[in-house]
Structure formats: C-alpha cells, structure tokens
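Worksheet for the structure shown next.
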Amino acid sequence: MLRHYYRLLPLLGLVLALMLALPSAFAEELVLAIVLKEASQFHPDIIASQLQTQASRTLMLQADVLPNPLLTLSTIPTQRGNPYFRQADRVLRIDQTLERGGKRGLRKDIAAALIESTRLDEAGVRRQAFTETVKTLIALRRAQDRLMLAQQQEADAEKLAIAARFRVIKGDLSALESARIAADALRVRNDRLRASQALDEARLQLSRLLGADRARSLNWTVGESLGNLTPVLDDHPSIDNADAIATELPETRASLQRLEAAKRQRELSYTLRTRDVSVSSQLESKPDQGGTVIGVGISVPLLLGNDFRGDIARSEAEVRQAEAEWMSRLRQLQSEIRILQQSLPPLESTARSLLQDLLPAAIQNADKLDAAYRQGAASLIDLLDARRQAFIARNEAIDAQADLAIARQTLKFIQLQIKGELP
C-alpha cells in the first residue's frame, strides 16, 4: 500500500505545481482527470463490476458444449465358481446423446446476451462511479469553502467580542450589548464546528471511494475555491432528446439484453419438448459362441410424466418480468435526464442572482452597518443581523455553485458516454 502511495507522490507534486502555474480552468481539468483515473482503478463499484464481467465470460464456455458420451464395460461370467472369468461374456458399450431443436445454439445466444448485459452494466457503473466521485469531490470543496467562511466569521466575531469587553470597561457599551456580542460569538463558533464536521465527513466519503491514502493525497489538489468549477454561468451542456439518450445509455441496453436472454430462455424451454435421441453401439464378446457380436441401439424419451409445462410457464413469467424491468429502467432514466436538464436553468439563475445581486448587496450592507455602528449611528442588533445575512448569503452562494457544478458534470458524463468518450 505504501509503495503505491509513494509512487503517487511525484505525480501529485506535479499537479500541485501546475495548479499554481496554470489558469484555474486548466488546473481543474487536470485535477478532474487524476480523480477519474484514481476512481477507475480503485472505486469499489468499478472493481466489483469488472470482476462480474470477467466471471460472465465463463457463461459461453458452459453453453458451447456437447453432451458427454457414456462408456460402459461389463463382464458376465458364464461358468459358476470361476474366479478369473475365463469363460465370460464381455460387453463394451458407448452411448451418445444427440440434442435436437437447436438447444446448443439457444444456450450460446443466452450466454452471449448475458455477457453483453454484464459488459453494459459495467459501463453504467463506471459512469455512476465517476459521477459519485465528482459529487464527493465537489462536496469536499463545498465543505472547505464553508469552513474557511466560518473561520473568517469566527475571527470577526472574536474581534468584536474583544472590542466590546474593552468598551464595557470604558463605559462606552452596556453589559447587555456585550452579552449579546458574546452570544453571537458562541453561535458563530458552533457554525465553525459544524463546518469542520462536514469537512471530515466529506473526507471520509472520499476515503471510502478511493482509499484513505489516495484520498489524503488528493486533498492536496483541492485547495482552490469552489467558484472555479463554474466559471461561466451560461455555458452548460444540453441534451435535445432525453428519450433517445436514455435509450442509448448502457443501463437501458443492458436491460434490453437481459430481456433478449429471457426470450431465448423461453425458446429453450419449448425445445425441451423436442426429444433428444441417445444412440449406442456395443461390442459383445461371447466365448461360448466363439465370436464377437456388434450391436446398435437408439433411445427416445417418452414425455408421459413431465411435459415441461412448469419450465415453460416459468420462462414466460421471466420474460414478462424482464420486459417490466426494461420499461422501468428506461422510464427512470428518461425522468432523471429530463429533471437534470430542466434543473440547469433554475440552478444557473439562482447562482447568478446570488453571485451578482444578493451576495454583493448583503456584503455591502454589512460593511455599511459596521461603519455606522463604529460611529454610533447603528444599533448592535442591526450589525449582528447584517453580518448574519451576509454569512448566509455566502453559504447560499457556495451551495448554489456546488449544485450547479454537480448537475453540469452529471450531464457531461452522460454526453461523454453516449459519444463513447467517457474515460
């Protein structure tokens, strides 16, 4: 583990240097590329899906087989009490079952459909794992920005509390107002503690996805502001036809392949009523008759006790179930893509309003009230309320940028997968 970790250090050092030298957009792309590379190698869901795909390839080996022949050698003594069977009939017999009705071809079709469905499932898991990793990375940046904001707010509140204590001593401030300032400082301190806890949780989530060592090393590259993830508000990916896109996603195609496998299984169930034939050939040595006898035989099952109606009924039910699962998955993806596409304009509008209107106004109002309070032209309650509103506006701006970045990246991954360009 440590050996792989140390191998990663030079690469991450290079990334950190490039982040300081390159524009933020290039740095963000570089960080994202490294995160996706790490996720493709170490994300537990991707690893599990890859193993599942490898295991599914054995299905063809199991399907593309012929029934084994049966070899029988028997000896029947013809003289009672002879321990060496010198006078005995010896029979050498071989039986071979011949499948009819195309059973072997149907088994191969079923295996091919299941192998393809597993491969498509892996592709879908890969996109979802990338999306989850990027969401976790954005959550980590959100938590970092929130913590930095809370620390700054705590420092300002502490400065105000210290100044208030001196003013109480001088008699310029009442004890009641000083108590209010101290209470506000405690509240701000709680905000900082909650932000610190959220950052720890985000780090633990990243550790769960990539491993503790890799998550810690990637933290070196996550020091820039969350705002770099949304440099242009009006520049977002778009999808023209959500229904067509959902049909082309690997999850839907995997469900369709499972439906195809269920239909082939139904055909195979019906072919069970096509009787397989067993042919046999034997050599029988008869010393008492002075020669060897050659014989042939054929066996055909009689469908008197089992006409395979249970197997057929089960296969029919599995086809209906596969159809329902395919339609459910298709509708789910169509709905998710539509919701994602429709959510982008409101998210952009919210982010634009917060960054361009609400946040500057809240900060300007807090600065004015701070100056007015120092001159005695504003009350303490108005100052604390203005600071609180500015703090809330900053947090809302952070959340708006994070939500917009997540929606954009999720939609971008969908587009890349449709184009066959997903890493």
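The values are calculated or read from the model by the stated rules, or taken from the named source; none is laboratory data. Note that the structure is predicted; figures quoted are calculated from it, not measured. Using ideal geometry, Cβ is built from the backbone for each residue, glycine included, and neighbour counts are taken over all protein chains shown. All accessible areas refer to the heavy atoms of the entire protein, side chains included, with ligands and DNA or RNA removed. Shrake-Rupley method; radii C 1.70, N 1.55, O 1.52, S 1.80 Å.
Tell me, yes or no, whether region 237-250 has at least one residue that is at pLDDT 90 or above, under 26 Å from the mean Cα position of the chain (by Cα) and assigned to a loop (DSSP other than H, G, I, E, B).
Yes, there is a match, as at least one residue in region 237-250 is at pLDDT 90 or above, under 26 Å from the mean Cα position of the chain (by Cα) and assigned to a loop (DSSP other than H, G, I, E, B).
For region 282-298, does any single residue satisfy the condition of being open to solvent by 70 Å² or more (accessible area, probe 1.4 Å), in contact with a helix residue (DSSP H, G or I) (Cβ under 6 Å, 6 or more places away or on another chain), more than 30 Å from residue 392 (Cα to Cα) and modelled with pLDDT of 90 or more?
No: zero hits.
On the given criteria, is residue 76 at negative phi, part of a helix (DSSP H, G or I) and without any contact (Cβ under 8 Å) to a residue 24 or more places away in the chain?
Details: at negative phi: yes; part of a helix (DSSP H, G or I): no; without any contact (Cβ under 8 Å) to a residue 24 or more places away in the chain: yes.
Against the criterion (at negative phi, part of a helix (DSSP H, G or I) and without any contact (Cβ under 8 Å) to a residue 24 or more places away in the chain), residue 76 does not qualify.
Which ones in region 307-321 are more than 17 Å from residue 257 (Cβ to Cβ) and among the aliphatic types (A, V, I, L, M)?
Across region 307-321, the qualifying residues are 312, 313, 317.
Within region 157-175, count every residue that is touching a helix residue (DSSP H, G or I) at 6+ places or on another chain (Cβ under 9 Å) and open to solvent by 70 Å² or more (accessible area, probe 1.4 Å). First the steps, then the outcome.
Applying the first criterion (touching a helix residue (DSSP H, G or I) at 6+ places or on another chain (Cβ under 9 Å)) to region 157-175 yields 157-158, 160-161, 163-165, 167-168, 172-175.
Adding the requirement that they be open to solvent by 70 Å² or more (accessible area, probe 1.4 Å) leaves 158, 165, 167, 172, 175.
Number satisfying all stated conditions: 5.
Name the pairs whose Cβ atoms lie under 6 Å apart, with the first residue in region 362-381 and hydroxyl-bearing (Ser, Thr, Tyr), the second surrounded by 13 or more Cβ atoms within 10 Å (Cβ to Cβ), and 6 or more positions between them or separate chains?
Pairs that qualify, where the first residue is hydroxyl-bearing (Ser, Thr, Tyr) and the partner is surrounded by 13 or more Cβ atoms within 10 Å (Cβ to Cβ), are 373/383.
Step by step: first the residues of region 91-124, then only those that are aliphatic (A, V, I, L, M) and assigned to a strand (DSSP E or B), then the one that is surrounded by the fewest Cβ atoms within 10 Å (Cβ to Cβ). Which residue is that?
Residue satisfying both the conditions and the ranking: 98.
If the requirement is being modelled with pLDDT of 85 or more, out of contact with any strand residue (DSSP E or B) (no Cβ under 8 Å at 6 or more places or on another chain) and over 30 Å from residue 135 (Cα atoms), which of these qualifies: 62, 50?
Values: 50 fails: over 30 Å from residue 135 (Cα atoms).
The unique qualifying residue is 62.
Among the residues of region 400-413, are any loosely packed, with under 13 Cβ neighbours inside 10 Å and either small (Gly, Ala, Ser) or under 29 Å from the mean Cα position of the chain (by Cα) (or both)?
no
I'd like to check something: does region 190-208 contain any residue that is modelled with pLDDT under 80 and touching a Leu at 6+ places or on another chain (Cβ under 8 Å)?
No, region 190-208 contains no residue that is modelled with pLDDT under 80 and touching a Leu at 6+ places or on another chain (Cβ under 8 Å).
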